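Below you'll find the structure, written out as structure tokens, and then a few comments.
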Amino acid sequence: MNTMDAKIKGKNLSWLLTKNRLIEQLGLNVFRYEKDKRKRNSKIAVTVALCIVLIVLAVYCGGIAYGYVYLGMTALVPSMALFISSLVTLSFSLFKSNGEFFGFSDYDLIMSLPVTVRTVINSRFLNMYIWNTFISILVMLPMGIIYLIVEQPNLSVYLMWFASIFLVSLLPTTLAAIFGAVVVAISAKFRYTSALTTILSIGLVVAVMLLFMTAPTTNFGFGELVDSQTGNLDVAAFSSLAPFISDSLNQLYLPTKLFKEAIVDGEILSFLLFAVISIGVYLVFLRLLAPKYKQINTSLTSHMSKRNYKVTILQQSGVTIALYKKTLMRILKSTVAATNLLIGCVLAILLAVSTLIIGPEQMLQSMDLIDYLPLAKNSAGYVIAAMVSMTNTATISLALEGENIWIVKSLPITPKKLYDSYLLTNLTFTIPTSIICSVLFSISLKANFSEMLLILVTPLCFSLFTAVAGIFIGNRMAYYDWQDETQLVKQSLMSLIGMLGGMIVIALLGVIANVGFVPLDAKLLTTSINVFILALTVMVYLHERNRSIR
């Protein structure tokens with residue numbers, strides 16, 4: 001076989017591996033061969049929910065482009081289109097790389113096939129690229145249609161915009177893969193690899209959030225963008241932000257500047273440079289990763305043992321505590337589960353610390369919303385509860401048992417003990433976070449005793465409710481034939497409901513309690529909501545505690 005034949009065969013094998021991976025992720029075999037109606041209906045529900053979310057994303061992006069055109073800032077549309085597409089792509093890919101490139105469940109099976117390491121890397125990257133390009137289409141296409149219809153440029157601009165749809169996701173996908181490679185390479189040198197990978201991943205999120213929070217801003221507050229008399233957008237004030245928005249995006253992300261020059265100014269050289277950077281970074285990444293790929297994955301899949309291990313004292317504990325420890329370690333040892341499920345608690349603590357350091361008055365003053373300081377005191381508990389509710393490990397704990405569910409079912413334990421262990425795991429993260437954030441918010445807002453009590457009690461009540469609701473959801477939607485944890489944590493309907501459902505309910509109740517829809521004092525109304533939530537939590541728990549394990 002000559003070199004050309006080998007390259008063609010490698011490309012075919014890369015696409016074959018990618019195709020099989022896509023079929024698995026899309027669940028096409030479930031639609032074609034699954035006879036269990038419950039599983040088929042669950043997959044259909046997930047697909048419909050995702051389609052609705054994607055349609056909303058496309059409509060929202062089109063609305064952004066139309067808004068800029070309406071305000072006479074059409075030249076900003078290309079920069080915003082590329083930046084939004086890149087940001088969404090990076091957000092979706094950042095925590096996915098560790099389950100897609102490294103430490104994937106079928107690593108031993110894939111590497112035993114007669115394929116090269118580069119073929120495996122190409123197939124894994126191609127899979128992420130296809131998903132991210134689909135997201136780019138949803139962002140770039142509607143915004144591009146509106147821009148091109150309004151501007152009606154020459155043919156080269158049409159071609160450059162179309163080509164950019166397939167180029168824009170290359171660099172963010174590669175950056176996410178580089179981040180995953182760096183994190184895994186560092187953590188693989190230590191004994192507790194998974195724990196360190198999780199810490200480094202969450203640390204990056206905190207660093208990015210701090211970067212955005214400390215980034216320079218204009219002297220405009222959000223309140224100045226709205227006419228206080230009519231409540232409408234102040235077009236003159238918003239239009240004055242255009243140069244700052246454009247300069248900030250260009251400084252923050254070089255491809256944004258190159259794409260703007262290519263589309264708005266018609267500079268083909270800038271577009272070629274944008275394409276070269278996007279493709280070149282990936283090729284360099286592939287060349288550098290291939291020699292160390294096996295070593296990194298071997299470090300992840302192997303385990304270190306002490307040579308001088310001796311049995312000294314064996315400790316025993318109750319059934320519920322033993323199950324609790326097992327579930328807790330199962331969550332913490334899974335980088336995908338930990339980084340995606342614990343991010344709500346991390347963001348809540350970050351917000352509370354920022355509020356304490358900067359001061360609520362200064363934060364609201366910077367947005368010209370200082371008049372809403374009393375409302376901030378009443379709604380602080382709801383804000384904490386909404387963010388902490390994103391950490392709902394109870395929803396997927398049962399499904400996370402996977403193929404080992406038969407072991408759980410064969411144990412001589414009641415379902416209540418198993419569910420209690422899932423609740424304790426969830427509350428281990430949410431209760432301490434709620435208390436810490438409540439104390440920090442109470443100090444920063446200078447709350448009196450009654451206000452401090454409500455700020456503390458409200459997130460605690462909702463933490464109990466969302467944990468019990470997670471058991472309710474998991475009992476009805478759990479499935480165990482998933483192939484990798486990413487599929488369960490990020491692509492399942494129960495995970496989506498568990499992370500966003502509680503946040504939506506809490507946000508709605510917070511609005512009802514603080515905006516004045518109900519003619520009652522905000523504190524009294526919040527107290528009533530807390531009592532209702534606690535009563536509902538007890539009712540659901542009593543109903544679910546002895547429900548048989550599916």
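The Val281 and Lys37 beta-carbon pair, evaluated with R₀ = 60 Å, returns a calculated FRET efficiency of approximately 0.80.
Sequence-ordered 3J(HN,Hα) estimates for the range 454-468 from the Karplus curve with 6.51, -1.76 and 1.60 and θ = phi - 60° stand at 5, 4, 7, 6, 4, x, 5, 4, 6, 5, 5, 5, 5, 5, 5 Hz, glycine and proline given as x. For the pair the range 57-94 / the range 254-287, the C-alpha centres are spaced 18 Å from each other. The protection proxy used here, the mean number of other Cβ atoms lying within 10 Å of each residue, ranks peptides 403-409, 133-139, 261-267, 462-468 as follows, highest first: 462-468, 133-139, 261-267, 403-409. Net length available on complete extension from Glu361 to Tyr60 is 105.2 nm, with 0.36 nm assigned per residue and the Cα-Cα distance removed.
When Leu94, Leu341 are compared by accessible area of protein heavy atoms, the largest-first order is Leu94, Leu341, using a 1.4 Å probe. Placing a label point 7 Å from the Cα of Cys51 along the Cα-to-Cβ direction, the residues of the range 108-137 whose backbone N falls under 18 Å of that point are 134-135. Phi angles across the range 487-495 convert, under the Karplus curve 6.51 cos²θ - 1.76 cosθ + 1.60 with θ = phi - 60°, into 3J(HN,Hα) values of 4, 7, 6, 10, 10, 9, 5, 5, 5 Hz, Gly and Pro given as x.
With every protein chain left in place and a probe of 1.4 Å, what is the accessible surface of Val117, to the nearest 10 Å²? Using a 1.4 Å probe on the heavy atoms, I get roughly 30 Å². Annotation: extensible slack from Val117 through Leu520 equals 138.5 nm (criterion: 0.36 nm per residue apart, minus Cα-Cα distance). Multiplying the residue separation of Ile407 and Leu71 by 0.36 nm and removing their Cα-Cα distance gives an extension gain of 114.8 nm.
Taking every protein chain into account, the 1.4 Å probe leaves Lys325 with about 110 Å² of accessible area, to the nearest ten. Using the structure shown, list the pairs from Lys326/Lys416; Lys37/Lys417; Lys333/Lys490; Lys377/Lys523; Lys446/Lys523 with a Cα-Cα distance above 19 Å, or answer none. Over 19 Å apart, Cα to Cα: Lys37/Lys417. Computed over the Cα atoms of the range 63-173, pair by distinct pair, the Kirkwood hydrodynamic radius stands at 15.7 angstrom. Sequentially through the range 517-527, phi angles give Karplus couplings (6.51, -1.76, 1.60; θ = phi - 60°) of 5, 9, x, 9, 4, 4, 5, 5, 5, 5, 4 Hz, Gly and Pro residues having no value and appearing as x. Note on Ala322 and Ile44: with the Förster distance fixed at 51 Å, the Cβ-Cβ geometry gives a FRET efficiency of about 0.85. Accessible area per residue was computed with a 1.4 Å probe on protein heavy atoms; Tyr66 scores about 140 Å². Remark: accessible surface ordering of Met494, Met503 (largest first) is Met503, Met494, probe radius 1.4 Å.
The values are calculated or read from the model by the stated rules, or taken from the named source; none is laboratory data. Bear in mind the structure is a predicted one, so any value in this text is a computation, not a measurement. Because the Cβ atoms are built from the backbone with ideal geometry, glycine has one as well, and the counts that use them run over all protein chains shown. Side chains are part of the model used for accessible areas, which takes the heavy atoms of the whole protein and leaves out ligands, DNA and RNA. Shrake-Rupley method; radii C 1.70, N 1.55, O 1.52, S 1.80 Å.
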